[in-house]
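Notes follow once the structure below has been shown.
Just so it is clear, none of the values below were taken in a lab; they were calculated from the coordinates. What you are looking at is a predicted structure, and each value in this text was computed from that prediction instead of being measured. Counting neighbours? That spans all protein chains shown, and the Cβs are built from the backbone with ideal geometry, glycine included.
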Amino acid sequence: MENEARKYVNLFAFIVILALFWPYLSELRPGLFKKHVEITPYKVEEKPEVVDGIEIESGLIYAEGYLLVKQQCTSCHSLELVTQNRATRAGWKENIRWMQETQGLWDLGTLEGPILDYLSKNYGPKEASRRANLKNIEWYEL
Amino acid sequence: MSDKKNPSNKLDRTSFISRSVLTLFGLVLAGNSISSNTGIKSQKKTTSNNKTAGGNSKIAGKHAELSILNSKPWNAETPPHLLDDKITPADRIFVRNNGKVPENIDVENWTLTIEGESAEKTKTYTLAELKSNFKQYSYQLTLECGGNGRKEFTPAAKGNQWSTGAIACPKWTGIRLKDVLNDVGVKSNAVYIGYYGKDVHLNGDPDKVVISRGVPIKKALEDEALIAWAVNDNDLPLMNGYPLRLVFGGWPASTSGKWLHKISIRDKVHDGPKMDGYSYRIPKYPVAPGTKVPEEDMKIIEVMPVKSLITHPKTGAKVKGRKSFEVRGHAWAGDLSIKEMHISIDYGATWRKCVLDPAINKNAWQQWRIQVALPEKGYHEIWSRATDSEGIMQPMVLPAWNPKGYLNNACHRIATKCV
């Protein structure tokens, strides 16, 4: 009976330790629990701060679907990698496939459609030019 | 023996399983604390940086005016006017990382291992051995990211949208790669060398190689191919590969592996991550902008093309009347030298020849200068155009479009006004 009791104490201790360290575990090794834990480094704000159409915390264009991008893309890379790029829907999809095939991105499931909608609508192709005009010049006295 | 017949055996097994699980759990925890140096800290740092995505976040050891393209992984470029020095200061060397920067670097126990199919043997050196066993050399070597200038391509190519600032030419100090390779022994069938670094993959998997590229053995055996530990007589900046890296001047900077700990001498073209697919590759034949190019029709970029930069004045200069001022900068051309340097103040209609200095050594950029007075009141662009030793010039508009937006060497332009 003593052995039997020890068994339960062991199991109980294990569960307690697991419970205590679970948040650290999932944060430290997102890859380890990728399939079970949805990584959301940003809290869902009820009223996000938006200036000139940009959601301040993420730097993303504030439009339908921005939160999905904010949540899904930031566990590996910064959102600057999103906002500095431009592509068609097919181009963004290709990008996602590349990340899935080579960089360890998970299957986005039903979120993929809305994410592609957001990206292609807000970060669609730029105007073609063999050489653009020089822009954003800060004038000064030489 | 069945469990029912022997309860003590059952108990033994249960407690064994329970203990094993605890041990395993302990191991996972230990593993995490080892990898946590690159996991949780950088993740938290990045989160806070994302909050200032407007661009006022800064990188340790780097000039505050570097333009940050990406905070995870860190990528930042240097505005042209900050590159005015002949020898680029360490804090102005651009940052181009594919993964997370290693933390808690143990220099005392840092080693470099040479191995591979075409190595006579496998040999490991400590950093101290590398410094004492081989003759040291210093060269000024130009490192430019293959994607420098990507920003201008249309249709847009994916990746960090580099403008002109992924270029630097500091003084590197270390040992010749060929001295180390020859100490190990290079078989006659050697084709390529591939590097491995200590950077950590963004998805947190400690076993996933971030990037492993290299150069053909011919380039690896050149005098200026260095295993370097110093920039401008100080330790390498952490962001640029501290404590050890490769430096192959004039080739895409991604060939110059950072946080170097292993070099493989290959009997074929190296096949590490980012040697394949579309990474650092261009089409084998010219394509129209936006063309979908099959993977098998892509070839590895080797040497970088002829290019120049106006580092003074800074764009946006307002000049009073016909006052003359100096226009100056650098020019470089992969493994070649610069033969002539010109500027135009009339959109390429006429060109003026600049004074041009020789390179301090192979693969170093060259300095040029010219006195200019703007002809009349109004807006004037100054364009710079270098010509390499084989007579090849920079194009005035964008060069050949390619799927990943590499090798944009179009002439540099700045805006000025005569007031």
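Compared with the dominant Cα axis of chain B, that is its longest principal axis, helix B:40-50 is turned about 30°.
Efficiency by 1/(1 + (r/R0)^6): what FRET value for A:Lys126 and B:Asn189, r their Cβ-Cβ distance, R0 = 35 Å, to the nearest 0.05?
Taking R0 as 35 Å, the efficiency between A:Lys126 and B:Asn189 is 0.15.
Three principal axis extents of segment B:270-350 based on alpha-carbon atoms, in descending order, are 56, 27, 23 Å. Hey, how many Å between the Cα centroid of segment B:200-256 and the Cα centroid of segment A:72-142? If we compute the Cα centre of each part, the gap is 28 Å. Please list, by residue number, everything in segment B:375-389 whose backbone N is under 16 Å from a paramagnetic label point 7 Å out along Cα→Cβ of B:Arg322. Answer for segment B:375-389: B:375-378. In the distance distribution for segment A:50-122, Cα-Cα pairs more than 16 Å apart total 46 percent. Counted over all Cα-Cα pairs of chain B, pairs farther apart than 31 Å make up 45 percent.
Subtracting the Cα-Cα distance of B:Glu390 and B:Asn182 from 0.36 nm times their residue separation leaves 71.7 nm of extension gain. Taking 37 °C and 0.692 mPa s as conditions, segment B:90-300 diffuses translationally at an estimated 185 µm²/s according to Stokes-Einstein applied to its Kirkwood radius (Cα pairs). Relative to the longest principal axis of the Cα atoms of chain B, helix B:7-35 runs at roughly 20 degrees. Kirkwood analysis of segment B:77-179, using all unique Cα-Cα pairs, places the hydrodynamic radius at 16.8 Å. Using a simple spin-label model with pseudo-atoms 7 Å out from Cα toward Cβ, A:Val51 and B:Asp207 lie 4.6 nm apart.
For segment B:307-418, how big is the tail of P(r) above 21 Å, as a whole percent of Cα pairs? So the portion of pairs separated by more than 21 Å is 36 percent. The trypsin sites (Lys or Arg not before Pro) found in segment B:240-300 that occupy coil by DSSP, while having at most 15 further C-beta atoms within 10 Å, are B:Lys268, B:Lys284, B:Lys292. In terms of the mean number of neighbouring beta-carbon atoms within 10 Å, the peptides B:110-120, B:130-140, B:405-415 order highest first as B:405-415, B:110-120, B:130-140. Convex hull of alpha carbon positions in segment B:150-216: directionally averaged projected area 8.0 nm². Loop-located chymotrypsin sites (Phe, Trp or Tyr not before Pro) across segment B:315-353 with a Cβ neighbour count of 13 or fewer within 10 Å are B:Tyr347, with loop assigned by DSSP.
Just to be sure I follow: if Rg is taken over the C-alpha atoms of segment A:100-142 and Rh is the Kirkwood radius over the same atoms, what is Rg/Rh? Provide the component values of the computation, followed by the final result.
Values: Rg = 18.8 Å, Rh = 14.7 Å.
Rounded to two decimals, Rg over Rh is 1.28.
Potential lengthening of the chain between B:Ala288 and B:Ala349 amounts to 19.3 nm, from the contour at 0.36 nm per residue minus the alpha-carbon distance.
Its Cα centre serving as origin, chain B has a Cβ charge dipole (Lys and Arg +1, Asp and Glu -1) of approximately 1120 debye.
Ordering B:Lys178, A:Lys47, B:Lys320 by the number of other Cβ atoms within 10 Å of each residue's own Cβ, fewest first, gives A:Lys47, B:Lys320, B:Lys178. Partner shielding of A:71-79 amounts to 5, given as the average count of beta-carbon atoms from other chains within 10 Å of each residue beta-carbon.
Spin-label model, B:Lys86 to B:Thr113: label points 7 Å out along the Cα-to-beta-carbon direction sit 4.3 nm apart.
Compute the FRET efficiency between A:Lys135 and B:Asp297 as 1/(1 + (r/R0)^6), taking r as their Cβ-Cβ distance and R0 = 45 Å, and round to the nearest 0.05. The calculated FRET efficiency here is 0.85.
The helix-only estimate of mean residue ellipticity at 222 nm for chain B, built from DSSP H runs of length n ≥ 4 each weighted as -39500 (n - 2.57), is -4500 deg cm²/dmol after division by the residue total. Mean per-residue shielding of peptide A:126-138 is 5, counting Cβ atoms of other chains within 10 Å of each Cβ.
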